[in-house]
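Let me begin by presenting the structure, written as structure tokens, before commenting on it.
The values are calculated or read from the model by the stated rules, or taken from the named source; none is laboratory data. Note that the structure is a prediction, hence the values are computed from the model and not measured. Because the Cβ atoms are built from the backbone with ideal geometry, glycine has one as well, and the counts that use them run over all protein chains shown.
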């Protein structure tokens, strides 16, 4: 039997609710090419990529019986113009990045997909914009890998007059009616925790102090919710927020030679680049942030983990590595502003903690995601905003090194970039990807924190460039 619908996981419902109340629009993973393809080549490559991934022709529907959202295959055909837009921009600079996050929110319960490509001819860049409901950062990488393989086979493509890139078929379907997280084994401890948590929430609503920072947690005085994030509070008629989208967009770029030298230092100290960068940002706050600009002393750093390999191992299926979707679980690292550890010692401590969490605690992290099943999502977001301060100091999301060279052909990736908008859970967000063109670390900072965080970013940037040039 063909499976036409798949229920959303608890994590996907979290992202879905966050989107429909306008607290998050989209994120993107982009590439720069050595040359731009023609429209005909784009059409053929996209058509072949859609044929590979059913998620590229999906949207969210609402079940008529229980009122819950589910993933559904769209019923109508798609044209090239539905998923590709050419924009006459000189550069993808701060103004244009904020424009993307403000204007490219996806609409649910429609016959349109939850992704789009923006083509910027002046920079030979293509920006893959995605809804977080259906995609994570690594999903963007996987889409680009398939797209580039198909693009390099499309050199003799002829433009079609219809522009149709997708036609629905009765034989299309999902491999399962649920997310793989639902198949993870649950211990008695987790079952009991889930039951007690659900019973507690029946009697006690989610309070701001349950989701906000503790008294000892690091908090910037100049940044608070809702003003620092939102233009206005809830609309009394639609129940929607309106995000300011005026963030400071800072990019730390390392050329390949600089990146190689920094990676060699990481190898010498037996730490990952993520561990180093997390330690470096933490130390920048300790050393460069004005002590009068914050309260609290405990830094809490959120690191989203890619769980695909863990799913391969636990569910005994090697296919998850190549699957689209949300395969993430958050882990939190902590350190203290009074911590006098040298940088590499702090990076080594973070490295040990990350390895421990990946090897032994990823199942708990996934089961924590499933606790969201018991939560009223809107109530959760209202509590997060009422908490006044974000729960985490900052987030580091690293897609790692992506070569994009597993194919022969005329189209080569010369650079890659990854970015996400300002959110409610952290003060600022660091989004990193490395390619043969070097490293890009995009940092999204609330406008209210520009004065406080800029010295910290300069500290990180100067350190990386200094080590990369010696």
* With the condition kept exactly as written, say whether any residue in the range 300-312 is surrounded by fewer than 20 Cβ atoms within 10 Å (Cβ to Cβ), touching a helix residue (DSSP H, G or I) at 6+ places or on another chain (Cβ under 9 Å), within 30 Å of residue 192 (Cβ to Cβ) and free of Cβ contacts under 8 Å to residues at least 12 places away in the same chain. => yes
* Looking only at the range 406-436, which residues are touching a strand residue (DSSP E or B) at 6+ places or on another chain (Cβ under 8 Å) and not in a strand (DSSP E or B)? -> 411, 412, 420, 421, 422, 423, 425, 436
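List the helices (runs of 4 or more DSSP H) inside the range 166-269, counting only whole elements, that have at least 1 residues being free of Cβ contacts under 8 Å to residues at least 24 places away in the same chain, surrounded by 12 or more Cβ atoms within 10 Å (Cβ to Cβ) and outside the structural domain of residue 11 (by TED's automatic domain parsing).
Working: elements: 188-203, 208-211, 256-268.
Here the list reads 256-268.
Per-residue answers, yes or no, for (1) over 27 Å from residue 331 (Cβ atoms); (2) modelled with pLDDT of 95 or more:
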residue: 440; (1), (2): no, yes
residue: 446; (1), (2): no, yes
residue: 449; (1), (2): no, yes
residue: 460; (1), (2): no, yes
residue: 463; (1), (2): no, yes
residue: 466; (1), (2): yes, yes
residue: 469; (1), (2): yes, no
* Here is a list of conditions, (1) assigned to a helix (DSSP H, G or I); (2) within 23 Å of the chain's Cα centre (by Cα); (3) closer than 18 Å to residue 426 by Cα, and residue 283 meets all of them except one; can you say which number that is? -> (2)
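Specify the residue that is modelled with the highest pLDDT; the eligible residues are those in the range 44-77 that are more than 26 Å from the chain's Cα centre (by Cα) and farther than 17 Å from residue 168 by Cβ.
Here is the first cut: in the range 44-77, the residues more than 26 Å from the chain's Cα centre (by Cα) are 44, 63-67, 75-77.
Now narrow it down to the ones that are farther than 17 Å from residue 168 by Cβ: 44, 63-67.
On the way: 44: 94, 63: 88, 64: 85, 65: 84, 66: 84, 67: 84.
By that ranking, first place goes to 44.
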* Might you check whether a residue that is closer than 27 Å to residue 125 by Cα, without any contact (Cβ under 8 Å) to a residue 60 or more places away in the chain and buried (at least 20 other Cβ atoms within 10 Å of the Cβ) occurs anywhere in the range 419-434? => yes
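Of the residues that sit in the range 461-470 and are touching a strand residue (DSSP E or B) at 6+ places or on another chain (Cβ under 8 Å) and surrounded by fewer than 22 Cβ atoms within 10 Å (Cβ to Cβ), which one is nearest to residue 28 (Cα to Cα)?
Start the filter on the range 461-470 by keeping residues that are touching a strand residue (DSSP E or B) at 6+ places or on another chain (Cβ under 8 Å), which leaves 461, 464-465, 468.
Checking the rest, the ones that are also surrounded by fewer than 22 Cβ atoms within 10 Å (Cβ to Cβ) come to 461, 465, 468.
Numbers: 461: 23, 465: 26, 468: 27 Å.
Restricting to residues being touching a strand residue (DSSP E or B) at 6+ places or on another chain (Cβ under 8 Å) and surrounded by fewer than 22 Cβ atoms within 10 Å (Cβ to Cβ), the top hit is 461.
Would you say residue 132 is without any contact (Cβ under 8 Å) to a residue 12 or more places away in the chain and under 20 Å from residue 325 (Cα atoms)? Step through it out loud before you land on a result.
Numbers: without any contact (Cβ under 8 Å) to a residue 12 or more places away in the chain: no; under 20 Å from residue 325 (Cα atoms): yes.
So residue 132 fails the test.
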* To do: Output yes when any residue across the range 284-297 is surrounded by fewer than 18 Cβ atoms within 10 Å (Cβ to Cβ) and touching a helix residue (DSSP H, G or I) at 6+ places or on another chain (Cβ under 6 Å), and no when none is.
  => yes
